[in-house]
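Following: one structure in structure tokens, then a few remarks.
Nothing in this text is a laboratory measurement; each read-out follows from the coordinates by a stated rule. Predicted model only: the values in this text are computed from it and were never measured. A quick note on method: Cβ atoms are made from the backbone with ideal geometry, for glycine too, and the neighbour counts reach across all protein chains shown.
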């Protein structure tokens, strides 16, 4: 009988992520806060418990946020910039490199039921 050993500490496939934040008119938004949460995956090193990872960064003058290689799977991206609506969405990462372009909307006018 032949036994095949599966490495218990196999490396997860990683993605190098680049996030571009722009206005609706394609102008870069600098110093926007980019928050990324890894949603999907299990860590064999932690005996199958959920692998919780969290990153926070800001965009450059070109409106670009570069993140270190992160595990492939589902991630939630939230972008917060002064003077714009907050953006949030879940993305599936399954490539070695990915660029996500996010266009932020201007703020909405205040709404009141007492007009």
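Hey, what did the range 15-103 get for relative contact order, percent, Cα under 8 Å, at least 6 apart?
Value for the range 15-103: 41 percent.
Given labels modelled 7 Å from the Cα in the Cβ direction, how far is it in nm from residue 85 to residue 12?
Reported label-point gap for residue 85 and residue 12 is 3.1 nm.
For a paramagnetic label modelled at 7 Å from the Cα of residue 94 toward its Cβ, which residues of the range 52-87 fall within the zone defined by backbone nitrogen distances under 15 Å?
Output list for this probe position: 72-75.
Over all alpha-carbon pairs in the range 15-103, figure out the percentage whose distance exceeds 14 Å.
Considering the range 15-103, 63 percent of its Cα-Cα pairs are separated by more than 14 Å.
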